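First comes the structure, then the notes that go with it.
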Amino acid sequence: MRTKSISFFWGAILILAGAYFLARNVGYFSNIPDGVWKFIFAGASLLFFTTWLVNGTQNWGWLFPACITAGLSMTILMGEIGNFGSVTGTPILFSIAIPFFVAYLFDRKKNLWALIPAWVLSVISLITLLADRVNGNWIGTLVLYSIGLPFLVVYLMDRKNWWALIPAGVMAMIGTFPLLGTILTGVYMDIAVMLLWAIPFLVVFFWSKNNWWALIPAGVFMSIALLITLLKLKVVVENDQSGIPSAIIMAGIGLTFGLLWLMRSIRPTSWAKYPALGLFAAAILAFFTGDRFKLFWPMVLIIVGVVMLSSYFLRKPKKQQDEIQPPLEENKQ
């Protein structure tokens, strides 16, 4: 009953949010002051925290939207009082780290892995405080070394976890590349960074068939690198009316899921055809509709909300289903 109520509540919220953004994109509600958004995000955060408490604190996944919306509200407030620059990114980055810390505290043995993303995001959020005062190349090196350090600690704690040396070594290697910023500048550096982020995920993916998930972030980074390259070569021209850049990104990520689906015989990825088809369809839609594509994604929110509400009203109570089904002994007779 509690799960059904949550589905009903958030289904209604998604419909209202989708309707608002759809109306805003066609010209309505365009005069809402920007300062109001800090209250909107703060209210959304409160609703997410309430849902987390009602649904059970062990379901710590609800903390992601709760903390992120709180971080967005704080960022807007910082901008209003005159804080600009990289420091404004600190609340959002640290808000993503909080749920991982909570997950670890709930089950320290089972969720030991959560310390890795928690550590990485915490370090990055602290680095944003120094980004305006320290050379960017050194910042990049520090970020990458910080990502590799937890993996090295995992290996040192238990030498059986030899796999942890792979991401640790890769991060240490990649950490030297931001120093090449004095040689590679501008777009070329952006392309190199995206590809370098993809490499460790590819290594993890090919290391074991159980690491199929690593292909997804690798595909995202390579898709971004491809788009940057095409923009640099003037093959694609970015403007407000073109949907081609969005189409390239979505097609690239869709291809990633398509590759996972092709590997379904050796990996548990038969489900990947659904996001692949959805992303390819969205890429085609973005390509042909261009700037009008911004009118479609709010409609997706509405559709998802309608589906959730429909499942709430159409789902029969468990007791009623048991009464309808004949007893097992009578069925045998």
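Listed values, structure above:
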{"quantity": "Out-of-range pairs (alpha-carbon distance over 26 Å; input 110/209; 109/160; 209/232)", "calculated": "209/232"}
{"quantity": "Modelled FRET efficiency - R0 51 Å, residue 277 with residue 158, Cβ distances, 0.05 increments", "calculated": "0.75"}
{"quantity": "Whether the stretch 136-256 is rounded, prolate or oblate, judged on the alpha carbon gyration tensor where a/c under 1.5 counts as rounded", "calculated": "oblate"}
{"quantity": "Relative exposure of 190, 107, 158, judged by other C-beta atoms within 10 Å (fewest first)", "calculated": "158, 107, 190"}
{"quantity": "Restricting the stretch 57-161 to chymotrypsin sites (Phe, Trp or Tyr not before Pro) in coil, as DSSP defines it, with at most 11 other Cβ within 10 Å", "calculated": "84"}
{"quantity": "Rounded to the nearest 20 debye, dipole of the stretch 98-247 from Cβ charges on Lys, Arg, Asp, Glu", "calculated": "520 debye"}
{"quantity": "Length added when fully stretched, residue 138-residue 233, from 0.36 nm per residue minus Cα-Cα", "calculated": "31.3 nm"}
{"quantity": "Label point distance in nm, residue 265-residue 55, each placed 7 Å from Cα along Cα→Cβ", "calculated": "3.8 nm"}
{"quantity": "Scattering curve values for the stretch 74-216, log₁₀ I(q)/I(0), Debye with Cα scatterers, q = 0.14, 0.15, 0.19 Å⁻¹", "calculated": "-0.80, -0.90, -1.28"}
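Values in this text are rule-based calculations from the coordinates and carry no lab data. Bear in mind that the values here come from a model prediction, so they are computed numbers and not experimental data. All Cβ positions, even for glycine, are placed from backbone atoms using ideal geometry, and neighbour counts span all protein chains on display.
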